[in-house]
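Let me begin by presenting the structure, written as structure tokens, before commenting on it.
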Amino acid sequence: MLINSPVPDSILLSVEVLSAAIENPRMQPRDRFAINLRKARQKAGISQEELGFRCDLHRTEVSLLERGGREPRLGTIVKLASSLGVTPEELCTGIRWSAKAQKFQFKR
């Protein structure tokens, strides 16, 4: 269990919990992307529905991406970034591949 909670880990893997984790061994690149996407959307002050409209995605797709439920395609990353007024690199901040360790590394 994460964070001394009686709730199963699968339920706790929300954006809030993931953003609190620096070295979560179960974190995937899509989880870090989800955190970055949600923060960028909230900073822009728009809803998931508005973001979906701006980049031609259904609001449920935006929700899935913000929860780390789906790995985004390159085209989707570009659409989201442009619609939020950020760069694709900003949405991928904190995700790094370590060739030596053969694993992804994440930064807060």
For the stretch 10-57, give me each residue that is at pLDDT 95 or above and β-branched (V, I, T). I35, I46
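Please determine, by comparing only the residues of the stretch 69-101 that are among the hydrophobic types (A, V, I, L, M, F, W, C) and open to solvent by 60 Å² or more (accessible area, probe 1.4 Å), which one is farthest from L51 (Cα to Cα).
Filtering the stretch 69-101 down to residues among the hydrophobic types (A, V, I, L, M, F, W, C) leaves 74, 77-78, 80-81, 84, 86, 91-92, 95, 97, 99, 101.
Checking which are open to solvent by 60 Å² or more (accessible area, probe 1.4 Å) leaves us with 74, 78, 97, 99.
On the way: L74: 17, V78: 13, W97: 29, A99: 34 Å.
The extreme case among them is A99.
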With respect to the numbered conditions (1) open to solvent by less than 40 Å² (accessible area, probe 1.4 Å); (2) touching a residue at least 24 places away in the same chain (Cβ under 8 Å), which one is the sole condition not fulfilled by S63? (2)
Among (1) out of contact with any strand residue (DSSP E or B) (no Cβ under 8 Å at 6 or more places or on another chain); (2) under 23 Å from W97 (Cα atoms); (3) open to solvent by less than 20 Å² (accessible area, probe 1.4 Å), P29 falls short only on (1)
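The values are calculated or read from the model by the stated rules, or taken from the named source; none is laboratory data. In this text, all values refer to a predicted model and were calculated from it rather than measured experimentally. Glycine also receives a Cβ, built like all others from the backbone with ideal geometry; neighbour counts cover every protein chain displayed. Quick note on the areas: whole protein, heavy atoms, side chains included, nothing else; ligands and nucleic acids left out. Shrake-Rupley method; radii C 1.70, N 1.55, O 1.52, S 1.80 Å.
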